[in-house]
Amino acid sequence: MRQEVDFLIIGSGIAGLSYALKVAPYGKVCILTKADAAEGSTKYAQGGIAAVMYDSDSFDKHINDTLVAGDGICDREVVEMTIREAPDRIRELVQYGVNFDRSGSRFDLHREGGHSEFRILHHKDNTGAEIERGLLEAVKAHPNIELREHQFTIDLITQHHLGERVTKHTPDIMCYGAYALNGNTHQIDTYLAKITLLATGGIGNVYTTTTNPIIATGDGVAMVHRARGVLRDMEFVQFHPTSLYNPREKPAFLITEALRGAGAILKDMRGNEFMQKYDARQSLAPRDIVARAIDNEMKQAGVDHLYLDARGIGKEELINGFPTIYAKCLELGINITKDMIPIRPAAHYQCGGIVVDRNGESSIHNLYAAGECSCTGLHGGNRLASNSLLEAVVYAHNAAEASIAKIGQVTHCHAVPDWNAEGMVFNEEMILITQTKKELQEIMSNYVGIVRSDLRLQRALDRLNLIFRETELLYNRSVITEELSELRNLLACAYLITKQAMARKENRGLHYSIDHLKEQ
Ligand code: FAD
Ligand code: SIN
């Protein structure tokens, strides 16, 4: 199948859906999404979205908190722009039909680690599900938007597909659309687009334990890497300090930081508080500090989890304010009003990714990116809690405005050929893919996790190189499947994280190496 659209959007989380709603009045929009439309990190977001809504808080304080968490390498102008735009974007979400909890006529605000004020708008403890619901309903009701589920985008189309040699030094790489594996026909379809937006989410499945859903395999980042676009800050992988310790469960269930904001305290296996040893802000220090402290305590005690004690919070507040967590824990026999919650860190968020400018445009012409797959400069070395849903809506807006301004000057490239699958054989050995994925996740968890060293990173790279060669051999002779493509994408992300971590010869934000302690 060959289809021409004005705006091609890859991904149906907060970034893709918000962009779609904005550009839809200006042309034909097609959203490709690889699973059911609602599946993605957005749906699982618990804590909420950060914004300064009242005078008791200030833009300056939110800006400062973001800069402090980012450990000196945020782009200050981006931080200022994003935070000042936040209230307008929140009001738009409300207009699209998203409900945030209120206390009387005012929004009820939570607080999370690294925030100096209560400024997190939320919908109980399932904010993301509410945002996804509201946006999806609005998208489905729009006549200009076609939403196509179970369409796995394999690669972006550039001059490379017209037979030209494209390297990272090619000055004007153009994006003409994308090839996607159709989950119904199992054929590879060609989408020609004037403008393409990548909104493919995170990379959590590069690691064994992650809060991210299984769709988070870094596809957008890997596609841009293959298309020779610019990627940055991949070494800054955020581990959330408190995922529920339940070893067989994938993804790891999150225990929102808002629970610590409400008074829950981290404790060791003996029930003693320990965060005072690490940071004056204790359980509410920024995530990089808390995750490292937990990792250290676990290693010193030789245990595989610690505890979060929420018993000091009133029973009513726990049950009504955190109903999802209360119900989930109860299912596992943990009554959070009486029992401590077993927790451990889990890979949670990719701060780096596809480099975009203020308009969300990547280094490849006519290719935009928004949401977790992008790198705007907002997060620097470590994202402040609840700033990522915010970044996604702000950049979806900016990218939409820039795309609308440009769409009249762009034409479709009809010379693009359809995908050539000649000479490919069905790969019957699924074990090769599943086993390699496990190996990759173990390498990354053991050697490129919360605490790193030069030796660990080199060891990871050597092993990744080996499985990269094996996987490319398999890919070059196999009919493409989603599993094989995802494995390739995970490998590309693992490689980028490791290489960029090796290049950073200092401890900064989420990148922490025992070989660089003395330089701090
Ligand atoms: P996603 O919502 O992940 O959507 C990605 C989309 O891309 C999906 O539709 C997927 O199917 C599609 N896709 C991916 N690859 C392909 C492909 N090859 N072809 C076609 N489609 C593809 N942030 C906050 O600010 N506040 C929070 O409270 C918060 N809580 C969180 C809790 C959890 C458990 C998790 C996992 C994350 C949380 N985050 C939070 C982070 C935040 O949810 C994400 O960063 C954000 O939702 C990402 O939105 P997105 O639109 O970029 O991607
Ligand atoms: C949480 O609710 O703790 C997650 C918030 C975030 O990742 O921003």
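The values are calculated or read from the model by the stated rules, or taken from the named source; none is laboratory data. The model shown is predicted, which means the values in this text are computed figures rather than measured ones. Heads up, the Cβs are rebuilt from the backbone with ideal geometry, glycines too, and the neighbour counts pull from every protein chain shown. These area figures cover heavy atoms from the full protein model, side chains too; ligands, DNA and RNA do not enter into them. Shrake-Rupley method; radii C 1.70, N 1.55, O 1.52, S 1.80 Å.
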Quick check: with the 1.4 Å probe, what order do V237, V425, V303 take by accessible area, largest first?
V425, V303, V237
Summing +1 for each Lys or Arg and -1 for each Asp or Glu, what net charge is found among the other residues whose Cβ lies under 12 Å from the Cβ of K194?
0
Farthest toward positive dipole pole in the chain [+1 Lys/Arg, -1 Asp/Glu at C-beta], among T196, G271, Y349:
G271
On the formula 1/(1 + (r/R0)^6), with r taken between the Cβ atoms of N64 and S453 and R0 of 30 Å, the FRET efficiency rounded to 0.05 is 0.40
I need the calculated FRET efficiency for the pair F426 and M1, taking r as the beta carbon distance and R₀ as 22 Å, to the nearest 0.05.
0.55
In nanometres, the difference between 0.36 nm per residue of separation and the alpha-carbon distance of V410 and T167 is 85.2 nm
Rg to Rh ratio, segment 365-520, alpha-carbon atoms and Kirkwood radius?
1.05
Accessible area, probe 1.4 Å, largest first, for residues S18, S363
S363, S18
Suppose R0 equals 30 Å; then what is the FRET efficiency for K338 and D101 from their Cβ-Cβ distance, rounded to the nearest 0.05?
0.75
In whole Å and largest first, what semi-axes does the C-alpha gyration tensor of segment 1-84 yield when each eigenvalue is scaled by 5 and square-rooted?
33, 16, 13
Among T127, A399, T185, pick out the residue whose Cα is farthest towards the positive end of the charge dipole of the chain, where Lys and Arg carry +1 and Asp and Glu carry -1 on C-beta, about the Cα centre.
T127
Report, in degrees rounded to the nearest 10, the 0 to 90 angle that the Cα long axis of helix 454-477 makes with the longest principal axis of the chain.
40 degrees
A correct Karplus calculation of ³J(HN,Hα) over segment 81-98, with 6.51 cos²θ - 1.76 cosθ + 1.60, θ = phi - 60°, whole Hz and x for Gly and Pro, returns 4, 5, 6, 6, 7, 3, x, 5, 5, 5, 4, 5, 4, 4, 5, 6, x, 7
Accessible area, probe 1.4 Å, largest first, for residues D108, D60:
D60, D108
Of C493, L367, Q159, which is farthest towards the positive pole of the chain's charge dipole, taken about the Cα centre with +1 and -1 on the beta-carbons of Lys, Arg and Asp, Glu respectively?
C493
Could you list the square roots of 5 times each eigenvalue of the Cα gyration tensor of segment 350-444, that is, the equivalent ellipsoid semi-axes, sorted largest first and rounded to whole Å?
32, 26, 9
Can you pull out the GluC sites (Glu not before Pro) in segment 474-520 that DSSP calls coil and that have at most 13 other Cβ atoms within 10 Å?
E506
In Å, descending, principal axis extents of the Cα set of the chain
66, 53, 45
Total charge dipole magnitude, segment 2-159, about the Cα centre, Cβ charges on Lys, Arg, Asp, Glu only, Debye to nearest 20
400 debye
Between D36 and Y475, with labels modelled 7 Å along Cα→Cβ, what's the label distance in nm to one decimal, could you check?
3.0 nm
Mean-position separation - Cα centroids, segment 483-520 and segment 193-234, in angstrom
15 Å
Rounded to whole Å, give me the distance from the Cα center of segment 445-471 to that of segment 1-66.
33 Å
Using only Cα atoms and rounding to the nearest 10 degrees, what angle (0 to 90) does helix 127-140 make with the longest principal axis of the chain?
30 degrees
Going by alpha carbons, how many degrees (0 to 90, nearest 10) lie between the helix axis of 59-69 and the longest principal axis of the chain?
90 degrees
Local electrostatic count, F253, Cβ distance below 12 Å [Lys/Arg +1, Asp/Glu -1]
+1
Those trypsin sites (Lys or Arg not before Pro) from segment 160-196 that are DSSP loop and have at most 15 other Cβ neighbours within 10 Å turn out to be R165, K168
For the pairs K168/K499; K267/K299; K34/K140; K250/K338; K43/K194; K250/K438, flag any whose C-alpha to C-alpha distance is greater than 22 Å.
K250/K338; K43/K194
When only alpha-carbon atoms count, how far does segment 198-258 stretch along each of its three principal axes, as whole angstroms with the largest first?
39, 20, 18
For segment 261-375, the spread of Cα positions along each principal axis, largest first, Å:
56, 35, 25
Kirkwood Rh for segment 94-239 from C-alpha pairs, in Å, is 18.8 Å
Accessible surface of Y349 in the full protein assembly, 1.4 angstrom probe, to the nearest 10 Å²?
10 Å²
Hey, how much of the P(r) for segment 45-144 falls beyond 23 Å, as a percent of Cα pairs?
30 percent
If ligands, DNA and RNA are left out, what is the accessible area of T498 with a 1.4 Å probe, given in Å² to the nearest 10?
0 Å²
Which of the chymotrypsin sites (Phe, Trp or Tyr not before Pro) found in segment 7-113 are in a DSSP loop and have at most 15 neighbouring Cβ atoms, other than their own, within 10 Å?
Y54
State, to one decimal in nm, how far the label point of D268 lies from the label point of A301, with both points 7 Å from Cα in the Cβ direction.
0.7 nm
